[in-house]
1. Full-extension gain between A:D113 and A:K254, please, as 0.36 nm times their residue separation minus the C-alpha to C-alpha distance.
2. Report the extension gain between B:T54 and B:V284 in nm, rounded to one decimal, defined as 0.36 nm multiplied by the number of residues separating them, less their alpha carbon distance.
3. For A:D135, enumerate residues with amide H under 5 Å from its amide H, sequence gap 5+ or separate chain, H modeled in the peptide plane.
4. Using the C-alpha atoms of the range B:240-346, what convex hull volume per residue, in cubic angstrom, is computed?
5. In square nanometres, what is one fourth of the surface area of the convex hull spanned by the alpha carbons of chain B?
6. Which three semi-axes in whole Å describe the equivalent ellipsoid of the range B:25-85, each the square root of 5 times a Cα gyration tensor eigenvalue, listed largest first?
7. I need the fraction of alpha carbon pairs in the range A:152-285 separated by more than 21 Å, rounded to a whole percent.
8. In nm, give the distance between the simple-model label positions of A:D338 and B:E171, each being 7 Å from the Cα along the Cα-to-Cβ direction.
Amino acid sequence: MKKFFGIFLTAVMLVAVLSACGGKNDGNSGGQASGSPAAGGDSGAKKKFAIIYKNTGNPYGEKEMEGYKNAIEELGYEAILKAPDQPTAEAQITMIDELISQKVNALAIVGNDPDALQPALEKAMNAGIKVLSLDSAVNAESRMLHINQADPERIGRTLVQGIVEMIGGSGEIAILSATSQATNQNLWIDWMKKELEDPKYADVKLVKVAYGDDLRDKSVSETEALLKSYPNLKGIISPTTVGVAAAGKVLTDKGLKGKVQLTGLGLPSEMAEYIQSGICQWMYLWNPLDVGYLSGYAADALVNGTITGAVGDKFTAGKLGEKEIIADGDGTQVMLGDPFKFDASNIAEWKDVY
Amino acid sequence: MKQAATNSAALQGAGHDKSGSLSANIAKFRELGLLLFIVILSVGVQLRNPSFLTWENISDIATNTAILSILAVGMMLVIITRGIDLSIGATLALSGMVSALTVSQYPDLHPLLAVGVGVGVGLVCGVVIGFLVSWINILPIIATLGMMNVFRGLTFETSGGKWVSAHQMPESFKAIATGSVFGINNLILIAIAIYIVAYYFVSHTRTGRRVYAIGSNPESAEISGIRTGRILWLVYSIMGGLSGLAGVLWVSKFASAQGDTASGYELSVIAACVLGGVSIAGGVGKLSGVILGAVLLGILNNALPMINVSPFWQNFIQGSIILIAVLVNALVKRGIDRNNLMRRKI
């Protein structure tokens, strides 16, 4: 028994050591692979714009970096795309240090931690690099500007306009949210309610806001309860990935296609099934390409000095048009604008992306 | 004539005996309190929302409770042996993820094979835990807490952090949970089949009785020649296998596999067992009680959204109802036990 236990323990340790080595190797090769092609072309005077995403192998992040690269290349500069192997702040700090020594002009970061990156990013700003964050923000001291993918007002209003169009302008609707304490959800719901105050929605009645807690089983129970408590329900808005997919599943299983409409914010991969089957005619989410694209133009405006990151500054972001900087807590931010619409015509292209 | 009279008297006697034993049986039914409580709760909810006791809603409750009750059967065995299994939520997620990935790669795979894959993965997880608990003598709570994180990590590792979505799963796989036989959903049928097998196992097989023996007194079980280690191993393997099955059913029902599927679900399962009168101290627990416990939780999950109270009160009400149910059950049980003592012929 003892002998066997010894062998077992040795085996476990061996596996642990080997896998740790494997991880390191992967880390090096991964970092090099994404860094070297861009960093290799050192063409002297050409301005260099870097972006660091959370981690490699994330299709959503790849679209974001692609959008950034598109904007920078449109402007005729060089883009450096980087992402660490593991989504940790430590790995991002190493990359920030590398980029400081490469003397890039601007650095856009999707932070793995709001506060841990502050020393590294301050060092970069002291070295004259323009720093901005996108998607996942870093704290106000460690950035000059944040690019916010979700404009709460546009999201709330667009969702209501969408569902009202689907139900034909009148009837009962309900909202299936995540938790009752989720800040972003509640902000969106407030905007939905404001949109519904408009007299043109006099025939639309919001009967209930239900909370599925972003759990599959609870979201399903809540959807079933909505359908039974409000037999005349005509539409459900669910501004959360798990909720909208769970509602789609319930409507599919109960054969309510066409009777109860569904829209919300969801992942294209999760919703592809229900959009293709017509249960949900369309839904929304921000487009990662546009988030990256806007960041690229904002970075350029910072480098040119068109903007300084102060409230009220304006710049033109290529095809997205003019954008204005607004306050965001202690810092400043730019809103992307309307969420992107996913429907039967484009879902096939997006369902493998994220 | 006389003969006929005695015959009829005998018949009457027999009839009387029968009804006596029936009422005695009812009086002996220890989970009576829980059953009564469920009935009262249902009537109360029905008064608030008339669509509660409709055929469709009852069928929804049964379908949504099936997975919980399958897991509760396994958990009952584990708790009877004085153990606990905190890893089942993670095992469920891992086996669900593996079977979802399998069917997304091989869409033509027969759904039964997909179920087999999930049960297999769960079984392996259970065997590992059983090994840790019975051979290396790690406390069950520690062993399963550790393995819970291991399995959860493996789930993220196998999927690369991504979800498997509805469009990647073939219709045949999703039909496991949505299909029905004679109008009864497959999930309910699977759960009932498992109750029957479990009932036979715990009441009519030697191994089943040994599970109780180990729980009520491990030392004397060991001395009387029961191989405690083997039984423990078996119990955790059964739990793992059932979690694996539940994983496939979960993923098929919700048509989505995530890394954090069913996280924290083990607590609901343990709650169902405790509600059903399974003693954490080991040795005590009945299948009927556990099923009633799971049904009560299922009714709560279904009814609370329907009575239209604020989400903050929902948690409060849920907790209070569970406490009251345990209290009522304990009081009724005490009464029945006293009654039984009085009935006993000395």
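Here, each number is a calculation from the coordinates, and none is a lab measurement. On a predicted model such as this, the values are computed, not experimentally measured, just so you know. Here the Cβ positions follow ideal geometry from the backbone for every residue, glycine too, while neighbour counts run over all protein chains shown.
1. Working: separation 141, 0.36 × 141 = 50.76 nm, distance 4.24 nm.
Difference between extended and current length: 46.5 nm.
2. That works out to 79.3 nm of additional length.
3. The answer is A:I147, A:Q149.
4. Details: hull volume 16.2 nm³, N = 107.
Cα convex hull per residue, to the nearest whole number: 152 Å³.
5. Numbers: hull surface 93.9 nm².
So the Cα hull casts an average projection of 23.5 nm².
6. 28, 18, 9
7. 30 percent
8. Between A:D338 and B:E171, the simple spin-label model gives 3.6 nm.
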